[in-house]
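Following: one structure in structure tokens, then a few remarks.
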Amino acid sequence: MTATPRVLAVLDDVLASLAPGDRGAVWHLAETRRELDANLVHLPAEAEVAEHQEDTLDVLVVVLAGSGRLTTGRDTLHLTPTTVTWLPRTSRRALAAGPEGLSYLTVHRRRPGLSVTPPPAPAILAEGGEAPCMLDRVCPSCGRVAEGVATAFCAGCGERRTGR
């Protein structure tokens, strides 16, 4: 299947709709099956982002409106509209907005999704007997174990469970 290009946002419109106290990511790329992440970030006048470090991703910053400065530890870079700045991974940086605020687009490789891992299985105690046999819950077609004994069809392959 071929993806279709389309307009996702008009960033001038997003910026024009900001309320005076808005701060942070005011728009982000939310399309599924993408390889990039992008965020439109707005800092109000004189707001700051404390020094931090991104350890795994390079980030491209494109200033769209306002002004500010990027402090890299030893250098201060002045940011104005149309300034494009590369923040290599492991670099330390802090941002400060100027008197009219600062709005910028960040673009980087998509972070891998967070995964929730189940808790470890409880230890099986030597006392108390054997666990109940669940063989009657196993689908003979696909091997999936049914959640409950009253299910008539396999949730994995849809086959009718025998004896149900």
| note | Within region 49-70, the residues that are at pLDDT below 95 and under 13 Å from L102 (Cβ atoms) are V49
| task | Return the total of residues in region 1-48 being among the β-branched types (V, I, T), farther than 13 Å from A97 by Cβ and modelled with pLDDT of 90 or more. | result | 4
| task | Within region 94-107, identify whether any single residue is charged (D, E, K, R), surrounded by fewer than 13 Cβ atoms within 10 Å (Cβ to Cβ) and on the phi < 0 side of the Ramachandran plot, and answer yes or no. | result | no
| query | Does D55 satisfy the criteria of being within 24 Å of the chain's Cα centre (by Cα) and surrounded by fewer than 10 Cβ atoms within 10 Å (Cβ to Cβ)? | reply | yes
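Let's see how each residue does on (1) closer than 25 Å to W27 by Cβ; (2) modelled with pLDDT under 95; (3) open to solvent by less than 30 Å² (accessible area, probe 1.4 Å):
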{"residue": "H78", "(1), (2), (3)": "yes, no, no"}
{"residue": "T90", "(1), (2), (3)": "no, yes, no"}
{"residue": "R110", "(1), (2), (3)": "yes, yes, no"}
{"residue": "S115", "(1), (2), (3)": "no, yes, no"}
{"residue": "L125", "(1), (2), (3)": "no, yes, no"}
{"residue": "E130", "(1), (2), (3)": "no, yes, no"}
{"residue": "M134", "(1), (2), (3)": "no, yes, no"}
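The values are calculated or read from the model by the stated rules, or taken from the named source; none is laboratory data. Treat the numbers as computed from the prediction; the structure is a model and nothing was measured. Quick reminder, even Gly has a Cβ in these numbers, built from the backbone with ideal geometry, and neighbours come from all protein chains shown. Heads up: the accessible areas ignore ligands, DNA and RNA and are worked out on the full protein's heavy atoms, side chains in. Shrake-Rupley method; radii C 1.70, N 1.55, O 1.52, S 1.80 Å.
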